[in-house]
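The values are calculated or read from the model by the stated rules, or taken from the named source; none is laboratory data. A quick note: this is a predicted structure, and the numbers were derived from the prediction, not measured. Cβ placement follows ideal geometry from the backbone for every residue including glycine, while neighbour counts extend to all protein chains displayed. Areas reflect the complete protein model, heavy atoms only, side chains present, ligands, DNA and RNA absent. Shrake-Rupley method; radii C 1.70, N 1.55, O 1.52, S 1.80 Å.
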Amino acid sequence: MSEASTAAQSPTEYIQHHLTNLVSRVRIGEDTWTLHVDTVVTSMLLGLFAFGMLYMISRKVTTGVPGKAQAFFELLYDFVDTQVKDIFTHGDRKFVVGLSLTIFVWVIMMNAMDFLPIDWFAAGMHFIGFEHWKPVPTSDMNTTLALSLSVIGMVIFFSIKAKGFGGYAHELFCTPFSANNIVGIIILAPFNFLFQLIELVSKPLSLALRLYGNMYAGEIIFLLIGMLSFIGVGGAIVGGLLHAGWAIFHILIVALQAFIFMMLTAVYLAMAHEHH
Amino acid sequence: MTLLLQAIGFGIFILFTVKFVLPPLATAIETRRRQIADGLAEAEKGKASLATAQKEVDKLIAEAKAKATEIVALAEKQRTATIEASKGEAKVAGEREKQMASDEIAQLSVKAKEELRDRVADLAIAGAQRILSREINPQVHAELLNQLKAEL
């Protein structure tokens, strides 16, 4: 199971080797920025592949009898559309559906990279010449945070768009605690703003950490199972069976986490359009 | 840096999906839904027209049936009339035949009676002649004999 280079590794080294990103340091002005090349390249390739495929399908769409690819895409679209329709009831939901579909497809693609046998993948990348290559972009906090922060950015944008700047400011300073006289409003404003701020921070953080935690934990369990092969052939066989079992269970987690991310995004955007 | 790049990529993917990928699909689904709805409405209309056509057909069939019954009844009547007529004719013809036959029989029997009478008279005369040849003159008793003949 293990490739030649890891045969002599200790378990700690084995796990660390697999959990290290391919880092490239980029100097911009005075600062040095770290770039996880593996995360960015894998996720972009997956995104290009997935959305390229969907684009190909949608270009050949017919209103008559749909082909199998189109039927699949329509199924996906209808699934997302139905979910969003139940949550988002503030008029035109075209953008929210598109956003939700993008998140669902992209996240599920990135999560699904977890199904690739880790050691084979590592061996393959090693063979091509990359020392480290983490295959699952969503087990990198940068990816999940990028997604959730973008979502929160959109929430703020749509809040201002739906309620106006004054309306959104009113929401920030006068809810959840409201007062009737001006003195009360002024006294309560800092507390309200504090609460809203906590909400604004906790939303993206919980979104990002939930997805990241699930995928990272899943990968570590794969690694732990993979370590069984250090014992010998018997360990490798047992490890293979366990790997299969965990992979099957992981299908649920992969789909579920993508689904949760999508649903929460739709919920947050729906909340952004709500008037108080 | 990674975060920034991922966010940019995410944004591009969202825009791409919203602008290029979903609209054709959504339009196609909407169009198909409309087509199906139209088709169903059309089918409903067809059903209704079928029902009216069925009613029309039923009416026509009922009419035709009534007409046919009428024609059959007429034919029946005609047949009975014809049969009656021919029966009457046959009866008349039979009567006539019978009449003719009985007339002939009557004539024949009259003739036979005459003949028989003549014969009997002749025989009687012959017998009487033979008995009376010696004592009776035929000329003298002719009148008497003729009277006897008429009585037979």
Rounded to one decimal in nm, the spacing of the 7 Å Cα→Cβ label points at B:Glu30 and A:Phe115 is 3.4 nm
Solvent-accessible area per residue for segment A:2-160 at a 1.4 Å probe radius, Å²?
48 Å²
q = 0.09 Å⁻¹: log10 I(q)/I(0) that the Debye formula gives for the protein assembly as shown, counting C-alpha atoms only:
-0.80
To the nearest 10 square angstrom, what accessible area does A:Met44 show with a 1.4 Å probe?
40 Å²
Please compute, for the alpha-carbon atoms of segment B:1-123, the extent along each of the three principal axes and give them in descending order in Å.
172, 23, 13
Which residue, A:Phe177, A:Leu46, B:Ala142, has the largest displacement toward the positive end of the dipole of the protein assembly as shown when charges sit on each Cβ (Lys, Arg +1; Asp, Glu -1)?
B:Ala142
Net charge around A:Ala255, counting only other residues with Cβ within less than 15 Å of its Cβ (Lys, Arg = +1; Asp, Glu = -1)?
0
Placing unit charges on C-beta atoms (Lys and Arg positive, Asp and Glu negative, everything else neutral), compute the dipole magnitude of the protein assembly as shown about its Cα centre in debye, rounded to 20.
680 debye
Quick check on segment A:63-122: what are the equivalent-ellipsoid semi-axes from the Cα gyration tensor, as sqrt(5λ), descending, whole Å?
29, 18, 8
Can you pull the Rg over Rh of segment A:6-72, Cα-only, Kirkwood?
1.30
Of all accessible heavy-atom area on segment A:12-104, the percent that carbon and sulfur account for (1.4 Å)
61 percent
Here D for segment A:151-268, in µm²/s, from Stokes-Einstein with a Kirkwood Rh over Cα pairs at 20 °C and 1.002 mPa s, works out to 120 µm²/s
Kyte-Doolittle mean at least 0.5 and Cα axial length at least 15 Å: DSSP H helices in chain B
B:2-16
Calculate the radius of gyration of the Cα atoms of segment A:202-276 to one decimal place, then report Dmax, the largest Cα-Cα distance, as a whole number, both in Å.
17.9, 64
Once you treat every alpha carbon in segment B:57-152 as an equal point and sum by Debye, what is log10 I(q)/I(0) at q = 0.25 Å⁻¹?
-1.16
Highest-MSF residue in chain A out of A:Val183, A:Val84, A:Val238 [GNM, Cα springs under 10 Å]:
A:Val183
Taking the alpha-carbon distance from A:Lys68 and a cut-off under 18 Å, which lysines remain once sequence neighbours fewer than 8 residues away in the same chain are dropped?
A:Lys60
Just the number, please: carbon plus sulfur as a percent of the accessible area of segment B:40-127, 1.4 Å probe, no ligands or DNA/RNA counted.
63 percent
Net charge near A:Val151, counting Lys/Arg +1 and Asp/Glu -1 over other residues with Cβ under 14 Å of its Cβ?
+1
Å² per residue, accessible surface of chain B at 1.4 Å
81 Å²
Electrostatic dipole magnitude of chain B [Cβ: Lys, Arg +1; Asp, Glu -1; Cα centre; debye, to 20]:
1040 debye
Dipole of segment B:1-70, positive direction: furthest Cα of B:Ile36, B:Leu5, B:Leu25, with charges on the beta-carbon
B:Leu5
Using a 1.4 Å probe, how large is the accessible area of A:Leu205, given in Å² and rounded to the nearest 10?
80 Å²
Between the alpha carbon centres of segment A:223-276 and segment A:4-72 the gap in Å comes to 17 Å
Average partner coverage of A:95-103, which counts Cβ from other chains inside 10 Å
6
What is the spin-label model distance, in nm, from A:Phe165 to B:Ala62 if the labels are put 7 Å beyond Cα along the C-beta direction?
8.0 nm
Roughly how crowded by other chains is peptide B:22-34, in terms of the mean Cβ count from those chains within 10 Å of each of its Cβ atoms?
6
Zero-based 10 Å bins, Cα pair distances in segment A:180-226, whole percents
23, 24, 20, 15, 11, 6, 1
Using unit Cβ charges (K, R positive; D, E negative) and no other charged atoms, how large, in debye to the nearest 20, is the dipole of segment A:129-203 about its Cα centre?
200 debye
Nearest 100 Å² is fine: how much accessible area is buried between B and A, summed over both sides, with a 1.4 Å probe?
2900 Å²
Can I get the semi-axes of segment A:38-190's equivalent ellipsoid? Compute them from the C-alpha gyration tensor as square roots of 5 times the eigenvalues, in angstrom, largest first.
40, 26, 11
Count charges around A:Thr63 for me, please; just the other residues with Cβ under 13 Å from its Cβ, Lys/Arg as +1, Asp/Glu as -1.
+1
